[in-house]
Amino acid sequence: MSVETVDTLVVGGGQAGVAMSEHLSKCGVPHLVLERGRIAERWRSQRWDSLVANGPAWHDRFPGMEFPVTGPDGFPPKEEVADYFVTYAKQINAPIRCGVEVKLVQRNIGRPGFRVETSDGVIEANSVVAATGPFQVPVIPSLVPAGAGLLQIHSSA
């Protein structure tokens, strides 16, 4: 089995993963986004039916794209939010692979980068971004031993 290589691997194809893909593309960084379900899967299958966005549409939109149904001051329902993420991912040509589960991420020994085992094979990446969802409980993997002098940053820190 061959090993695929990519500069940056983004794990998660929801709001955080799509936004990260946009920023990496704008910076010219080759990358790949893996999503175990569909884009914005948690919005579709892991939320209650009556859920709406927690802020008005003007606040929750991506640059250059309005919500198509809900006005700027409205609160889009979950299906519109999920569809919006899919449409935006297509608009920015985000390299997202759906239906691929990340099983293991290991730092390479003796050289930079990571080895990532997925349900679709092995990928080697210089960098890995955990974009598994905003507003979740922060989980900072113990890739670097405490006191190693390397700064790890989490969005909720």
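The values are calculated or read from the model by the stated rules, or taken from the named source; none is laboratory data. Only a predicted model underlies this, so the values are computations on that prediction, with no experimental measurement involved. Heads up, the Cβs are rebuilt from the backbone with ideal geometry, glycines too, and the neighbour counts pull from every protein chain shown.
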Study note, to complete from the structure: Taking first residues from the stretch 66-88 that are more than 16 Å from Ala16 (Cβ to Cβ) and second residues anywhere that are buried (at least 17 other Cβ atoms within 10 Å of the Cβ) and of a type in the set (Val, Ile, Thr), the pairs with Cβ under 9 Å that are 6 or more apart or on different chains are Phe67/Val81; Pro76/Thr70; Pro77/Thr70; Glu80/Thr70
Review point. Which one of these is within 14 Å of the chain's Cα centre (by Cα), at pLDDT below 85 and on the phi > 0 side of the Ramachandran plot: Gly99, Gly149, Gly133?
Key: Gly133
Practice item. Filter the stretch 86-106 down to residues that are surrounded by 12 or more Cβ atoms within 10 Å (Cβ to Cβ), aliphatic (A, V, I, L, M) and more than 19 Å from Val29 (Cα to Cα), then give me how many there are. Key: 4
Study note, to complete from the structure: Apart from one, (1) surrounded by 12 or more Cβ atoms within 10 Å (Cβ to Cβ); (2) closer than 30 Å to Ala125 by Cα; (3) of a type in the set (A, V, I, L, M) all hold for Ala53; the odd one out is (2)
Check your understanding: Considering the stretch 18-50 alone, what residues qualify as being in contact with a Gly (Cβ under 6 Å, 6 or more places away or on another chain) and among the aliphatic types (A, V, I, L, M)?
Key -> Val33, Ile39, Ala40
Check your understanding: Pick from the stretch 1-45 the residues that are among the hydroxyl-bearing types (Ser, Thr, Tyr) and at pLDDT 95 or above: which of them is surrounded by the most Cβ atoms within 10 Å (Cβ to Cβ)?
Key -> Ser21
Exercise for review: Write out, first by first residue and then by second, each pair whose Cβ atoms fall under 8 Å of each other, whose residues are 6+ apart or on separate chains, and whose first residue, in the stretch 40-58, is farther than 20 Å from Pro68 by Cβ while the second is assigned to a loop (DSSP other than H, G, I, E, B).
Suggested key: Glu41/Gly13; Glu41/Gly14; Arg42/Gly14; Arg42/Gly133; Ser45/Gly37
Exercise for review: Report the residue count in the stretch 68-101 for those that are among the basic types (Lys, Arg) and outside any helix (DSSP H, G or I).
Suggested key: 1
